[in-house]
Amino acid sequence: MKKIKLHGFNNLTKNLNFCIYDICYTNSNIEKKKYIKYINKKYNASRLTKILTQTCKIIGAKILNIAKQNYYPQGASVTILVSEENNKKKNEFKKKTKPNTILMHLNKSHICVHTYPESHPEGKISTFRVDIEVSTCGLISPLKALDFFIKKLESDILTIDYKIRGFTRDINGKKFFIDHKINSIQNFIHKKIKKKYDMIDINIYQENIFHTKMILRNINFNHYVFNIKNINFKKKKEILSLLWKEMKEIYYGKNT
């Protein structure tokens, strides 16, 4: 879009929300415990902090404060307070400001993540969900981190929401309710990633609200079970049926 001289600060708020799902076949309490152990290792607060810190570099945001927490017996949360970087060069940062207060304030922007492991005692499928919210304003855009999130979190299913709120003014007082071109979230996802997923769009252009759902087209059976040695063809077919049932119910938002 053509550059516009603004009156004051760019007040547009850009909010990107991810809901990411990981599915696993857990046939016993032992396997469920193994899955929780795997999740706690892969998605603990320290690793999530590293992922979000890298996200800040990608979108060009300066970290002001970090709050993180692991929960017992499972789950973690991380919140990072960020501001727009003053340096003109991309990914060039000053030293991080060390947090010295409880995170109970907002400057311009924030990034947060929460995890939700879930299973049922009578079921054989365990599901893990990660909720990520990237809220920015000014020139920094959360859309730049889309490919990074999808690759780093290796997701079976994704629900992505992007919306723009508020307005900013040019020097003549004219309001602008969006500052970049977009007609789908898919425009900001690499074509190699899109080939791996089936995708659905629901967009409300006049409200600057964009929604995309993604589900893997093919799954590698070995990635969804703990013990594959004693699984015959019939059992494998049964497990795949359970996995796809769970994934499709989540993807379409209804029980089958």
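The values are calculated or read from the model by the stated rules, or taken from the named source; none is laboratory data. Just so we're clear, the structure is a prediction, and the values are computed from it rather than from any experiment. Don't worry about glycine lacking a Cβ; one is built from the backbone with ideal geometry, like all the others, and counts go over all protein chains shown. Only protein heavy atoms, including side chains, enter the accessible area calculation; ligands, DNA and RNA are left aside. Shrake-Rupley method; radii C 1.70, N 1.55, O 1.52, S 1.80 Å.
Some points to look at:
- Rounded accessible area of residue 147 (nearest 10 Å², 1.4 Å probe): 40 Å²
- For the chain, the relative contact order works out to 26 percent when only alpha carbon pairs closer than 8 Å and six or more residues apart are counted.
- Subset of 174/213; 174/196; 213/236; 124/144; 124/213 violating a 31 Å alpha-carbon distance limit: 174/213; 174/196; 124/144
- Cut-off 15 Å (backbone N to label point 7 Å along Cα→Cβ of residue 231), residues of the stretch 110-128: 124-127
- Between 155, 166, 225, the Cα set farthest toward the positive side of the dipole of the stretch 128-256 (charges on each charged residue's Cβ, about the Cα centre) is that of 225.
- Max mean-square fluctuation residue, GNM over the chain, Cα-Cα springs under 10 Å, options 42, 181, 33: 181
- Accessible-area order (highest first, 1.4 angstrom probe) of the listed residues 22, 201: 201, 22
- MRE, 222 nm, helices only [DSSP H, n ≥ 4, -39500 (n - 2.57), over the chain, to nearest 500]: -7500 deg cm²/dmol
- Computed from backbone phi with θ = phi - 60° and the Karplus coefficients 6.51, -1.76 and 1.60, the 3J(HN,Hα) list for the stretch 149-156 is 4, 5, 5, 5, 9, 6, 8, 7 Hz; x is used for glycine and proline.
- Rolling a 1.4 angstrom probe over the protein heavy atoms with all chains in place gives the chain an accessible area of 60 Å² per residue.
- Heavy atoms of residue 110: accessible area, 1.4 Å probe, square angstrom to 10: 30 Å²
- In terms of accessible area, using a 1.4 Å probe and ignoring ligands and nucleic acids, 199, 247 rank largest first as 199, 247.
- Sorting 72, 25, 116 by accessible area puts them as 72, 116, 25; the probe is 1.4 Å, largest comes first, and only protein heavy atoms count.
- Crossing angle, helix 233-252 versus the chain [Cα axis fit, 0-90 degrees, rounded to tens]: 30 degrees
- Stokes-Einstein diffusion coefficient of the chain, Kirkwood radius over Cα pairs, 4 °C, 1.567 mPa s, in µm²/s: 64 µm²/s
- Karplus-derived 3J(HN,Hα), 6.51/-1.76/1.60, for each residue of the stretch 114-122, Hz, glycine and proline x: 9, 10, 9, x, 8, 7, 10, x, 9
- Accessible area of residue 226 in the full protein assembly, 1.4 Å probe (Å², nearest 10): 80 Å²
- Distance (nanometres) between label positions extended 7 Å along Cα→Cβ at residue 50 and residue 198: 3.5 nm
- Spatially proximal aspartates and glutamates relative to residue 191 (Cα-Cα < 18 Å; intrachain offsets below 8 disregarded): 147, 154, 156, 201
- Whole-percent carbon and sulfur share, accessible surface of the chain, 1.4 Å: 52 percent
- On Cα atoms only, tilt of 45-59 relative to the major axis of the chain in degrees: 40 degrees
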